Amino acid sequence: MDVMRIRGGTPLKGVVKTQGAKNAALPVMASCLLLKGRTLTLENVPDLHDVSTMLDLLACLGVTMERLGNRMTFSVPEEISWEAPEHLVRKMRASSLALGPLLARCGKTVLPLPGGCSIGSRPIDLHLKGLMQMGAKIEIRNGIVYAQADQLRGRRIYLDFPSVGATENLMMAAALAKGETIIENTAREPEIENLASVLRGMGVTVDTEGTGCVRIKGVEEVQGCRERVIPDRIEASTYVLAGVITGGEVTVDDIVPAHMDALLAKLEEAGVRFHVGSSSVTVFPVRRLMPVSIRAMPYPGFPTDLQPQMVATLTLANGVSLVEESVFQARFLYSEELNRMGANITIKGDTAIIQGVERLQGASVRAMDLRAGAALILAALAAEGETRIDEMVHVWRGYEASDKKLKALGADVALEEAEEK
Ligand code: UD1
């Protein structure tokens, strides 16, 4: 279903269960490529389009899978293919997470460059540089990466930017490299720890220290294991903001509250009252938010994947908020769509200047990417009248059953097919 219609204005109320994290599931699924004749079992795998794309990629490479609810078992034969098909890599950037494990396990791989997307250019130079430092020979011809290494060797690698994907790719490559790999200035997102835990389960010694340095002692062969995908902090945060923007009372359950510290700190500053339980957060009704200044940056900073949803929420604050984006260059395109709904957002370089307005109005808008779509849903939930959001296909990449979850909270939401053009 590619169109969502929302009639806004109802304060949401109730409890939402959080899905497994998309950004944790994708790398841990890719890590099964390290196995030979063994299985990886994952609990809490979300049912998302991006997960299906990763399943298609793994199937093309020779992995067989079984799904029982949210539990998935990946059986990896002795021999697999090392060539990632172009149409899947183009469909989802995270397909590049196959690079490290395929190279380490097969000694070579062919993977098309993933290309840019609507939030920025998103190169993988840091992934490639790290692999070359570990001894890989890499050539890029006609947009395709040809990588080869009979045996990767552990090295000290410094990342110029704490890239999530580069950290994950290099960790997986290091699992089968000879000797110790020390990666410095790594990403510190909770999803990195989830991957580290899988690699430990596979018999690899991984020390994450939690300080932006990861040490990995490679092994000759990894063993099968079982692991649980962590809760999706971005999905949970989006529902928290759905409560806030509608002046409702929403509890998100099955979460790790500490993963949401940056959001909760900003909500507190904006005057929102909330209760933090051991695995839940409840936000209480707020009449009008106070404006705040935010900088989206790598974890534990405020997540860039929550920046559009936070901007949407601040469109109704009582004053001027400033939101700076430091991770992706082009992550404000959605602001035009919010302005069509009556928001007052001006973009100056890397900063959105949000002059709060008293109300938003429903309009016909387009989700240009995953989190942009989530931001439009939030605005629509608070707006007067009906909003039609087209291109929901982006939202299904990362939000499981969002229509059902919103309805259960009392929202007036309907899905429909787009008309044939
Ligand atoms: C992951 C998340 C994505 C999130 C992002 C930042 C997954 C599947 N996706 O994406 O949802 O928005 O982290 O939190 O986990 N960069 C380079 N060269 C590289 C790699 C990255 O210049 O080799 C730049 C990117 O263009 C971007 C920044 O570094 O500007 C962050 O990218 P990165 O942390 O790698 O994000 P992803 O792993 O692609």
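The values are calculated or read from the model by the stated rules, or taken from the named source; none is laboratory data. Note that the coordinates shown come from a computational prediction; the quantities given were computed from them, not determined experimentally. Heads up, the Cβs are rebuilt from the backbone with ideal geometry, glycines too, and the neighbour counts pull from every protein chain shown. Heavy atoms of the whole protein, side chains included, go into the accessibility calculation; ligands, DNA and RNA do not. Shrake-Rupley method; radii C 1.70, N 1.55, O 1.52, S 1.80 Å.
Against the conditions (1) under 26 Å from Q148 (Cα atoms); (2) in a helix (DSSP H, G or I), where does Y239 fall short? Just the number, please.
Unmet for Y239, out of (1) under 26 Å from Q148 (Cα atoms); (2) in a helix (DSSP H, G or I): (1).
Taking the stated definitions as given, is E417 out of contact with any Phe, Trp or Tyr (no Cβ under 6 Å at 6 or more places or on another chain), farther than 26 Å from P11 by Cβ and buried (at least 24 other Cβ atoms within 10 Å of the Cβ)?
Values: out of contact with any Phe, Trp or Tyr (no Cβ under 6 Å at 6 or more places or on another chain): yes; farther than 26 Å from P11 by Cβ: yes; buried (at least 24 other Cβ atoms within 10 Å of the Cβ): no.
So E417 fails the test.
For every residue, the table says whether it meets (1) under 25 Å from the mean Cα position of the chain (by Cα); (2) part of a helix (DSSP H, G or I); (3) under 20 Å from T246 (Cα atoms).
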site	(1), (2), (3)
E337	yes, yes, yes
G342	no, no, yes
E358	no, no, yes
M368	yes, no, no
A372	yes, yes, yes
L376	yes, yes, yes
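Of everything in the range 348-359 that's surrounded by 15 or more Cβ atoms within 10 Å (Cβ to Cβ) and either without any contact (Cβ under 8 Å) to a residue 60 or more places away in the chain or among the aromatic types (F, W, Y) (or both), which residue is farthest from L314 (Cα to Cα)?
Narrowing the range 348-359 to residues surrounded by 15 or more Cβ atoms within 10 Å (Cβ to Cβ): 350-352, 354-357.
Then keep just the ones that are either without any contact (Cβ under 8 Å) to a residue 60 or more places away in the chain or among the aromatic types (F, W, Y) (or both); that gives 350-352, 355, 357.
Details: D350: 17, T351: 14, A352: 11, Q355: 8, V357: 9 Å.
Residue satisfying both the conditions and the ranking: D350.
Can you tell me which condition K91 does not meet? The list is (1) in contact with a Leu (Cβ under 8 Å, 6 or more places away or on another chain); (2) basic (K, R); (3) under 30 Å from L378 (Cβ atoms), and all the others hold.
The one condition K91 does not meet is (1).
Is the range 69-85 home to any residue that is in a strand (DSSP E or B) and more than 23 Å from M171 (Cα to Cα)?
Of all residues in the range 69-85, those in a strand (DSSP E or B) come to 71-76, 83.
From the residues that got through so far, the ones that are more than 23 Å from M171 (Cα to Cα) too are 71.
Checked against the condition, which is being in a strand (DSSP E or B) and more than 23 Å from M171 (Cα to Cα), the range 69-85 yields at least one hit.
Take the conditions more than 16 Å from the ligand (Cβ to nearest atom) and charged (D, E, K, R) and apply them to R331. Does it pass?
Working: more than 16 Å from the ligand (Cβ to nearest atom): no; charged (D, E, K, R): yes.
No.
Only one residue in E324, E337 is of a type in the set (D, E) and either open to solvent by 30 Å² or more (accessible area, probe 1.4 Å) or within 16 Å of the ligand (Cβ to nearest atom) (or both), so which one is that?
Working: E337 fails: either open to solvent by 30 Å² or more (accessible area, probe 1.4 Å) or within 16 Å of the ligand (Cβ to nearest atom) (or both).
Every option except E324 fails the conditions.
For the range 391-416, how many residues are among the small types (G, A, S) and touching a helix residue (DSSP H, G or I) at 6+ places or on another chain (Cβ under 7 Å)?
Here is the first cut: in the range 391-416, the residues among the small types (G, A, S) are 398, 401-402, 408, 410-411, 414.
If we keep only those that are touching a helix residue (DSSP H, G or I) at 6+ places or on another chain (Cβ under 7 Å) too, we end up with 398, 402, 411.
Total satisfying the criteria: 3.
Looking at the range 186-206, is at least one residue more than 24 Å from K266 (Cα to Cα), touching a Lys or Arg at 6+ places or on another chain (Cβ under 9 Å) and in a loop (DSSP other than H, G, I, E, B)?
Checking the range 186-206: at least one residue is more than 24 Å from K266 (Cα to Cα), touching a Lys or Arg at 6+ places or on another chain (Cβ under 9 Å) and in a loop (DSSP other than H, G, I, E, B).
Checking the condition among the aliphatic types (A, V, I, L, M) and either at pLDDT below 95 or open to solvent by 20 Å² or more (accessible area, probe 1.4 Å) (or both), which residue from V63, V15, V51, V28 passes? Write out each step before concluding.
On the way: V63 fails: either at pLDDT below 95 or open to solvent by 20 Å² or more (accessible area, probe 1.4 Å) (or both); V51 fails: either at pLDDT below 95 or open to solvent by 20 Å² or more (accessible area, probe 1.4 Å) (or both); V28 fails: either at pLDDT below 95 or open to solvent by 20 Å² or more (accessible area, probe 1.4 Å) (or both).
So the residue among V63, V15, V51, V28 that is among the aliphatic types (A, V, I, L, M) and either at pLDDT below 95 or open to solvent by 20 Å² or more (accessible area, probe 1.4 Å) (or both) is V15.
For the range 109-126, state whether one or more residues are surrounded by fewer than 22 Cβ atoms within 10 Å (Cβ to Cβ), within 21 Å of A24 (Cα to Cα) and without any contact (Cβ under 8 Å) to a residue 24 or more places away in the chain.
yes
Which condition from (1) more than 13 Å from L40 (Cα to Cα); (2) modelled with pLDDT of 95 or more; (3) surrounded by fewer than 19 Cβ atoms within 10 Å (Cβ to Cβ); (4) of a type outside the set (F, W, Y) is the one that R200 breaks?
Failing condition for R200: (1).
So L289 passes all but one of these: (1) touching a residue at least 60 places away in the same chain (Cβ under 8 Å); (2) closer than 30 Å to N185 by Cβ; (3) crowded, with 23+ Cβ neighbours inside 10 Å; (4) of a type outside the set (V, I, T). Which condition number does it fail?
It fails just one condition, (2).
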